[in-house]
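Have a look at the structure below, then the notes.
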Amino acid sequence: MSEFLVFDGVTKRFGDFVAVREASFAIEKGEIFALLGPSGCGKTTLLRMLAGFIEPDEGRILIEGEDITKLPPERRPVNTVFQSYALFPHLTIRDNIGFGLKMAKRPKSEIDSEVDRMLDLVDLTEHGDKKPDRISGGQKQRVAIARALVNKPRVLLLDEPLAALDLKLRQRLLVELDDIHDEVGITFLYVTHDQTEAMAISDRIAVMQRGTLEQIGTPAEIYEAPVNSFVAAFIGDTNFLRGKVVTATDEEYSQAEIEGVGEIRLFNDRPLKPGEEIALSLRPEKIRIESHAPPTDPGLNAIEGIVEDVIYLGSMTRYWVRVGDQRIAAERQHSRYLLDEKLPSWKDRVWLSWRADDGCVLSDFAVEDTELLSIPPDEEG
Amino acid sequence: MSELRRKTNPERRAEWWTTLPSAGWLLIFFAIPTLLIVVMSFKPAGPYGGFGEGWSLKAWVDMGNPSYPTVLWRTIRLSLAATLICIALGLPVGFLLGRSDAKTRSILLLLVVVPFWTNFLIRVYAWKVLLHPSGFFRETLVSFGVIGENTLLLYNEWAVLLVMVYAYVPFAILPIYASAEKFDFALLDAARDLGASSIRAFWLVFVPGVSRGVMAAVVMVLIPALGSYIIPELVGGPTGEMIGNKIAQRVFIDRNWPHAAALATVLMIVTLLPVLFAFAQEKRESIAVGKKGGDASS
Amino acid sequence: MSSLRARHPIAVFATAVALLFLYFPILVLVLNSFNASRYGASWEGWSMRWYQLLFSNHSRDIWQSLRLSLVIGVVASVVSMVFGTIAAWALNRYRTRLQQAHFGLIYLPIVAPDILMGISLAIFFVTLNVERNLWAITVAHITFCISYVALAVLARLQDFDGLVVDAARDLGANRWQTIVRVVVPLLAPGILAGGLLAFTLSIDDFVITFFVKGVGFDTLPLKIYSMTKHTKEMPVINALSTLLLTFTFASVWWIQRLTRTRSAT
């Protein structure tokens, strides 16, 4: 009963190119579910298959147990907010919003009152009689949402709904979108390539790459426990430390030798054997950067290095520190910048330290994923 | 807007020198002769053809000849029908051209344009051969019993309509395609998504979306259709005559030039109506769109 | 194409019907030019006799009228290329009331029906008592060709980056050098396309010439027209038309290839 919307082994090929490969997952009723991935990863194809514009080559799509794979778009209980809104330029805002109800041959009085209600919901009541080219980008966005929602779809599909807007507006609309979702309680399927957008709005995220679903989970699960280097590098920024397990100390921890860095302590995200090659993802904000060696603590890893780059970002400063042949990114938050102790600067000798359980041992590592980091390592990782 | 900014003198002179050749030529050989038609319709006929001395309303009184309203009505009716059919064909073809990939599109476009580069007279003549009493169509239709032995395909209004559609359909396809090329086809997806069938989406979203192209197509088809001469002359016969034929008859048979001028004035008025309508529509639209600049050259 | 067929069956069907409609009469005409039968109602076997007739002494006037058409076409298109290009430059460069009127003068001849242009020029020449000879016909042709060239060049000018003119002046070219070395070469495709269109329209024109010309001076379309009046000449027209069609197709193909290789490099 929680399996509200189900993709069951859905595959789509365009010629030799596999756009979506055996996608199987379920979306729960009322949640905001994001499909996240770089352009060309198949997320839009998946969305268009749900909307009915593309027919899958294999697999089925079910909504509340009903197979909708073969239905034409106009007969599916879903509506879409299109990437560039696709508002009808020859119709007023009111007529745009009322279009779906008119297609459903609803009585005029009902259409009018429903449109009024939607205009009120998206706060555009005084713009109802304008044509789309007379309103701003953010307003168009809201019309597109209203036009879809007025039909009370069982799932609302949002195809990069904020991509055409500038940053501040995007952040504001994101909050509005969340409010609308709370108000209507409809299931949202949200397609985006922007990880901050996905993190901010979704209950769960599916990360896609090259037609394959890499990981599905809550934003925190995906951020804190990425399964592979792609997810780790695509969501947020990270450091990759590669090495070999030396000893499996106990149930929870192991020791590993990292190339050029030395021996560190690892948390066993999965059972590890001595001699096994591992890759560790370590988020920059988990690393403390100090001018003095931290007090010894068996749960803490501490290494020494030299600051190579410093970038002041306002709320924090990011450092790149050379340790052996590795460059490690670390962050330092500023709660009281001007009153703070003297901050490390360029060419300073510093100590980096992190708790062993703040790292995440990946189950899969690919060198090319390091290209996704904000500053890729200078040579091969 | 500051389009009326003061120009320096050399620039002003350069504008005059670059405008003069074409504007002068067209003023002398197009604008003045066109106005001359109206003026000369108030002249008496010369004794040996041409124009006589003084002024006369004779040509305009002769317009009351009962055969003229019939011919005028037929001209308008056939032209409107031809325009409607051309648009009806142009819409799906323009849609397909807009929807297809670059390669298919260039082939289709070429196929539409090539016949239009072949001699007009020859294309009309080809239909005369096809519809000829002993031609392909009639023989085929008679042998299948679709039409009787005595039915003629040639020399009637239907033949004129058919050939007009044939001759003018590229003029409808090209402007509609030009609009369809700029049309955002995601709008059709949006309409489908909101519950419209593909046919309704076509009518409610595509057709209004290419309305500028349709408007241009109406002008491009209706006006030459109203001024048709060769088509009714070759395939129309006496029951398919249009105003163009009457003008030619006055010039070449009676040599009554004022009479021809009066008929041409009538034709001019009839053809000006759709142009004015299209201009008014354009103006209304550009006002509705707002301050995007009423640039006459775009 | 196959996916288009699946997604838009009605549009594909309508397009197929439209194309069939456009080409059917032409195909029948071509076939009939090789038909031994004089009336083309039935197929009486392959024959080249109409082509032989076309190239015999019997058809000397046809070739004469073709030569006349070509001369008028070349003169009209060259003159209108010059006038049309200058006109387009003015229309694109200036945004004044004068240019609005200018645009009206350029645009109206395109929409005006041929017969009105023909009768108006005929009345004009008759009123002025000008002899309606070869020059009168050429003047008429230039009049309707200017507009087409102007619009073709104007379309090209709208993608024209005005800064290159400034760049040329900045690099030391004078006004005249800028025009010859930079502006004209950049506009050449538009000017040529316009000129080609003008040439085609001139060669094709029947109605305007018909009204403007005096006795004699039969251009090719006029010659064809007089031949259509005599049914026994039909097959010769078919043969002539087939040759003209072949020529048109070949030149369209050639131009297409030319523009493709140019845009590819």
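The values are calculated or read from the model by the stated rules, or taken from the named source; none is laboratory data. Given the structure is predicted, the values throughout are model-derived calculations rather than measurements. No Cβ is skipped: glycine too gets one built from the backbone with ideal geometry, and neighbour counts run over all protein chains shown. Please note that ligands, DNA and RNA were not included when accessible areas were found on the heavy atoms of the full protein model with its side chains. Shrake-Rupley method; radii C 1.70, N 1.55, O 1.52, S 1.80 Å.
General observations
- Solvent-accessible surface of the range B:68-284, taken per residue with a 1.4 Å probe and all protein chains present: 38 Å².
- Its Kirkwood hydrodynamic radius, worked out from the mean inverse distance over all distinct Cα pairs, puts chain A at 23.4 Å.
- Pairwise label distance in nanometres, residue B:27 with residue A:175, each label 7 Å out on the Cα-Cβ vector: 6.5 nm
- Using all pairs of distinct alpha-carbon atoms, the Kirkwood hydrodynamic radius of the range A:229-372 works out to 15.8 angstrom.
- Our Cα-only numbers for the range C:72-119 put the radius of gyration and Dmax at 12.7, 35 Å.
- Estimated dipole of the range C:41-145 in Debye, rounded to 20 [Cβ of Lys and Arg +1, of Asp and Glu -1, Cα centre]: 380 debye
- Rolling a 1.4 Å probe over the heavy atoms of the protein chains gives the range C:155-260 an accessible area of 52 Å² per residue.
- Directionally averaged shadow of the range C:61-264, computed from the convex hull of its alpha-carbon atoms, nm²: 14.1 nm²
- Its DSSP H runs of at least 4 residues, each contributing -39,500 (n - 2.57), put the calculated 222 nm mean residue ellipticity of chain C at -25500 deg cm²/dmol, to the nearest 500.
- Rg to Rh quotient for the range B:50-174, alpha carbon positions, Kirkwood Rh: 1.13
- Long hydrophobic helices in chain B, taken as whole DSSP H segments with a C-alpha length of 30 Å or more on their own axis and mean Kyte-Doolittle hydropathy at least -1.0: B:67-99, B:157-182, B:257-289.
- The alpha carbons of the range A:31-104 give a radius of gyration and a Dmax of 14.4, 40 Å, in that order.
- Net charge in the neighbourhood of residue A:30 (other residues with Cβ under 14 Å of its Cβ; Lys, Arg +1, Asp, Glu -1) is -4.
- Computed helical MRE - 222 nm, chain B, DSSP H runs ≥ 4 contributing -39500 (n - 2.57), nearest 500: -21000 deg cm²/dmol
- Sum of side-chain charges, residue C:143 neighbourhood, beta-carbon under 12 Å (Lys, Arg +1; Asp, Glu -1): -2
- Gap separating the Cα centres of the range A:310-374 and the range B:171-221, nearest whole Å: 56 Å
- Reduction of at least 30 Å² in accessible surface, 1.4 Å probe, comparing all protein chains with the chain by itself, residues of the range B:238-253: B:247, B:252
- Fully extended contour minus Cα-Cα distance, from residue B:101 to residue B:53, at 0.36 nm per residue: 10.9 nm
- Kirkwood Rh, angstrom, the range C:101-217 [1 / mean 1/r, Cα pairs]: 16.3 Å
- Look at the stretch B:182-191: the mean tally of other chain Cβ atoms within 10 Å of its residues' Cβ atoms is 6.
- The mean number of Cβ atoms from other chains found within 10 Å of a Cβ in peptide B:30-39 is 6, as a whole number.
- In this Cβ point-charge picture (+1 for Lys and Arg, -1 for Asp and Glu), the range A:229-372 has a dipole of about 460 debye about its Cα centre.
- Three principal axis extents of the protein assembly as shown based on alpha-carbon atoms, in descending order, are 125, 74, 62 Å.
- Kirkwood Rh, Cα atoms: Rg over Rh of the range A:155-232: 0.97
- Inter-chain neighbour count for C:206-212: the average number of beta-carbon atoms from partner chains within 10 Å of each residue's beta-carbon is 4.
- In chain A, the DSSP-assigned H stretches of four residues or longer account for a calculated mean residue ellipticity at 222 nm of -6500 deg cm²/dmol, using -39500 (n - 2.57) per stretch and the full residue count as denominator.
- Summary of the geometry: the range C:142-209 and the range A:70-121, compared by the centres of their Cα atoms, lie 48 Å apart.
- Solvent exposure of chain A as accessible area per residue, Å², 1.4 Å probe: 47 Å²
- Residues of type lysines that residue A:342 reaches as a straight line, Cα spacing below 23 Å, ignoring anything fewer than 8 places off in the same chain: A:286
- Heavy-atom accessible surface of the protein assembly as shown: percent carbon and sulfur, 1.4 Å: 60 percent
- R0 of 30 Å, Cβ-Cβ distance residue A:184-residue B:203: FRET efficiency to nearest 0.05: 0.45
- The average projected area of the range B:68-284, computed from the convex hull of its Cα atoms over all directions, is 15.5 nm².
- Those aspartates and glutamates that a straight Cα-Cα span of less than 18 Å connects to residue B:283, excepting residues fewer than 8 apart in one chain: A:133, B:295
- In this rough spin-label picture, where each label sits 7 Å from Cα along the Cβ direction, the residue A:39-residue C:49 distance is 6.8 nm.
- Between helix A:137-149 and chain A: long-axis angle, C-alpha atoms, 0 to 90°, nearest 10: 60 degrees
- One Cα centroid belongs to the range B:66-114, the other to the range A:227-303; the line between them spans 72 Å.
- Highest to lowest packing among A:64-74, A:80-90, scored as the average C-beta count within 10 Å: A:80-90, A:64-74
- Relative contact order of chain A, pairs being alpha-carbon contacts under 8 Å that are 6 or more residues apart, as %: 15 percent
- 16 Å tail of the calculated P(r), the range C:21-129, as % of Cα pairs: 78 percent
- Across the options A:185, C:25, B:50, the greatest Cα extent toward the positive end of the charge dipole of the protein assembly as shown (unit charges at beta carbon of Lys, Arg, Asp, Glu) belongs to B:50.
- This model, with +1 at the C-beta of Lys and Arg and -1 at the C-beta of Asp and Glu, gives the protein assembly as shown a dipole about its Cα centre of some 6020 debye.
- The range A:193-287: Cα Rg divided by the 2.2 N^0.38 Å rule of thumb: 1.20
- Debye equation applied to the C-alpha atoms of the range B:138-207, log10 I(q)/I(0) at 0.13, 0.14, 0.18 Å⁻¹: -0.65, -0.68, -0.77
- Contact residues in the range A:131-160 (at least 30 Å² less accessible area with all protein chains than alone, 1.4 Å probe): A:133, A:134.
- For the range B:76-162: relative contact order, % (alpha-carbon pairs under 8 angstrom, 6 or more apart): 30 percent
- Within the full protein context, the accessible area of residue B:132 is estimated at about 30 Å² for a probe radius of 1.4 Å.
- Average silhouette area of the range A:5-224, convex hull of alpha-carbon atoms, in square nanometres: 12.1 nm²
- The packing ranking, built from the mean of other Cβ atoms within 10 Å per residue, places the peptides B:178-189, A:150-161, B:161-172, A:277-288 in the order B:161-172, A:150-161, A:277-288, B:178-189, highest first.
- For the residue pairs B:128/B:246; A:12/A:43; A:12/A:70; A:108/A:131; A:140/A:168; B:128/C:229, the alpha carbons lie more than 18 Å apart in B:128/B:246; A:108/A:131.
- Chain pair C, B: total accessible area buried, heavy atoms, 1.4 Å probe, Å²: 8100 Å²
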